[in-house]
Amino acid sequence: MGSELIYRGHETQLASDSYSPKPVKPWASVTRAVRYMLREQRLLFVLVGIAVATLVFTVFPASRAAHGPHLHSTTPLLDSIPYFPIETQNKFSYAHRLGFGSGNPTGKIPLGLKRKGLRIVVTGGAGFVGSHLVDRLIARGDSVIVVDNFFTGRKENVMHHFGNPNFELIRHDVVEPLLLEVDQIYHLACPASPVHYKFNPVKTIKTNVVGTLNMLGLAKRVGARFLLTSTSEVYGDPLQHPQKETYWGNVNPIGVRSCYDEGKRTAETLTMDYHRGAGVEVRIARIFNTYGPRMCIDDGRVVSNFVAQALRKEPLTVYGDGKQTRSFQYVSDLVEGLMRLMEGEHVGPFNLGNPGEFTMLELAEVVQETIDPNAKIEFRPNTEDDPHKRKPDISRAKELLGWQPKVSLRKGLPLMVSDFRQRIFGDHKVGSTTTTTNDSSS
């Protein structure tokens, strides 16, 4: 009995020794904060700080607004064709984002200030037109990244830039995605001559569609301005002469040239859809026949064909009756037009070509006068879907870009002949030809 009483007493002692926390007082955190603020005049210092901050933010913004209210204004981008909507063009301030020109609507660099160089991608930059564009951009002080798979491009066209810290060369096919940080994208990648784009038609249309999609996607991701080099081939065999940008064309969608013609038309569609739907800043150039140094010697285009044949003492091959007409611009004129379009405010499309019109027989006569007066002319059956007439109306480019070609055929052709003579007969130095030229794409 006693042992039982002792055990119970011990049990009671254990219970009394157990710990129980104090109940939480309501508003404890609030009262502690109040006591902290009231001690040592902390509340007074807080009120003084608020008063000083209010005074600063009230006075200084007014003075800045009085000195430079235009700093964040941007010139609205206007479409060069009325039926292109412009609701998305004001979403970005391109000049402000690049760090120059935002407070200067004319785009001119103030005296004493050095223009900030851009980081620019040129797809197809080792090709005929692309390499001359690269020359101009490097000379301007920009950093240039050339992307080319060398299907029609040549390393020799850009080798004179090797070792320049502002030049990079990437062997890459634009059909595959590419991740870069750039300010501008000149998209020239695509074989432009019938010999090359007919060689693999499926690859040609993939380059035009998938390649353009990839480059537009890059422009969207990094906020770059995008320029598409389209072609006069979007007009097909035109029923309007000369061709204006508002003309929709007359294209055979299932012909042997449609991989290029319709591919470029689709590329224009994608470009405008990214512009309207995603707010990407875009520019579209429709390039007409171009000639000059660094053209592929045997690419099937009429000027390079005639020049190479005359130098080799071969007959000049004229397809059909020779009455088809073309307009020929020298490459330096094209490059100037592309750069003005990229730096301008208008989306396009813009025709970039020389309105001087020549029949194939007249072109052959000019080549004879320049190279060999005794060169013979040989007629052959015409090729399928060959356009009968091609002449650009460049009034829009004159008005909105302040651009027009300056080099006539008789002035530019000897420069091309000199380059071809060196390359055909092997007497040349790599990269020696630096005269800016222009043509369609890669």
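Determine whether Ser327 is farther than 16 Å from Phe379 by Cα, touching a Ser or Thr at 6+ places or on another chain (Cβ under 7 Å) and among the small types (Gly, Ala, Ser). No.
Only a single criterion out of (1) buried (at least 18 other Cβ atoms within 10 Å of the Cβ); (2) touching a Phe, Trp or Tyr at 6+ places or on another chain (Cβ under 8 Å) is not satisfied by Gly279, namely (1).
Within region 147-182, the set of residues being within 15 Å of Leu218 (Cβ to Cβ), in contact with a strand residue (DSSP E or B) (Cβ under 7 Å, 6 or more places away or on another chain) and among the hydrophobic types (A, V, I, L, M, F, W, C) comprises Val147, Ile170, Val174, Leu178, Leu180, Val182.
This table checks each residue for (1) farther than 27 Å from His196 by Cβ; (2) surrounded by fewer than 22 Cβ atoms within 10 Å (Cβ to Cβ); (3) in contact with a Pro (Cβ under 7 Å, 6 or more places away or on another chain); (4) modelled with pLDDT under 90.
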site: Phe350; (1), (2), (3), (4): no, no, no, no
site: Glu357; (1), (2), (3), (4): no, yes, no, yes
site: Pro373; (1), (2), (3), (4): yes, yes, no, yes
site: Arg380; (1), (2), (3), (4): no, yes, no, yes
site: Lys389; (1), (2), (3), (4): no, yes, yes, yes
site: Leu415; (1), (2), (3), (4): no, yes, yes, no
site: Lys429; (1), (2), (3), (4): no, yes, no, yes
site: Thr434; (1), (2), (3), (4): no, yes, no, yes
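Taken over region 187-215, the criterion of being surrounded by 24 or more Cβ atoms within 10 Å (Cβ to Cβ) and under 19 Å from Arg276 (Cβ atoms) is satisfied by His187, Thr212, Met215. Taken over region 115-164, the criterion of being of a type in the set (Gly, Ala, Ser) and under 16 Å from the mean Cα position of the chain (by Cα) is satisfied by Gly117, Gly124, Gly125, Ala126, Gly127, Gly130, Ser131, Ser143. Hey, does region 306-321 have a residue that's closer than 21 Å to Lys198 by Cα, in contact with a helix residue (DSSP H, G or I) (Cβ under 7 Å, 6 or more places away or on another chain), crowded, with 24+ Cβ neighbours inside 10 Å and touching a residue at least 24 places away in the same chain (Cβ under 8 Å)? Checked against the condition, which is being closer than 21 Å to Lys198 by Cα, in contact with a helix residue (DSSP H, G or I) (Cβ under 7 Å, 6 or more places away or on another chain), crowded, with 24+ Cβ neighbours inside 10 Å and touching a residue at least 24 places away in the same chain (Cβ under 8 Å), region 306-321 yields at least one hit. The residue pairs whose first member lies in region 197-225 and is of a type in the set (D, E, K, R), whose second member is in a helix (DSSP H, G or I), and whose beta carbons are closer than 7 Å, counting only pairs six or more residues apart or on different chains, are Lys220/Tyr274; Lys220/Ala278; Arg225/Tyr94; Arg225/Met342. Filter region 219-230 for residues that are surrounded by fewer than 23 Cβ atoms within 10 Å (Cβ to Cβ) and either of a type in the set (Val, Ile, Thr) or out of contact with any Lys or Arg (no Cβ under 9 Å at 6 or more places or on another chain) (or both) and give the result. Across region 219-230, the qualifying residues are Lys220, Arg221, Val222. For region 329-345, the criterion of being more than 16 Å from Gln404 (Cβ to Cβ) and of a type in the set (A, V, I, L, M, F, W, C) is met by at least one residue. Restricting attention to region 369-413, the residues that are closer than 21 Å to Pro349 by Cα, part of a helix (DSSP H, G or I) and among the hydrophobic types (A, V, I, L, M, F, W, C) total 3.
Restricting region 115-165 to residues that are outside any helix (DSSP H, G or I), among the charged types (D, E, K, R) and in contact (Cβ under 8 Å) with a residue 24 or more places away in the chain leaves a set whose member that is surrounded by the fewest Cβ atoms within 10 Å (Cβ to Cβ) is Arg115. Counting only residues that are of a type in the set (D, E, K, R) and free of Cβ contacts under 8 Å to residues at least 40 places away in the same chain, region 370-417 holds 2 of them.
Please tell me if Val256 is more than 14 Å from the chain's Cα centre (by Cα) and either buried (at least 16 other Cβ atoms within 10 Å of the Cβ) or not in a loop (DSSP other than H, G, I, E, B) (or both). Let's see the steps before the verdict.
On the way: more than 14 Å from the chain's Cα centre (by Cα): yes; either buried (at least 16 other Cβ atoms within 10 Å of the Cβ) or not in a loop (DSSP other than H, G, I, E, B) (or both): no.
No.
The values are calculated or read from the model by the stated rules, or taken from the named source; none is laboratory data. Model, not experiment: these values are computed from the prediction. Ideal geometry is used to build each Cβ from the backbone, glycine not excepted, and the neighbour counts take in all protein chains shown.
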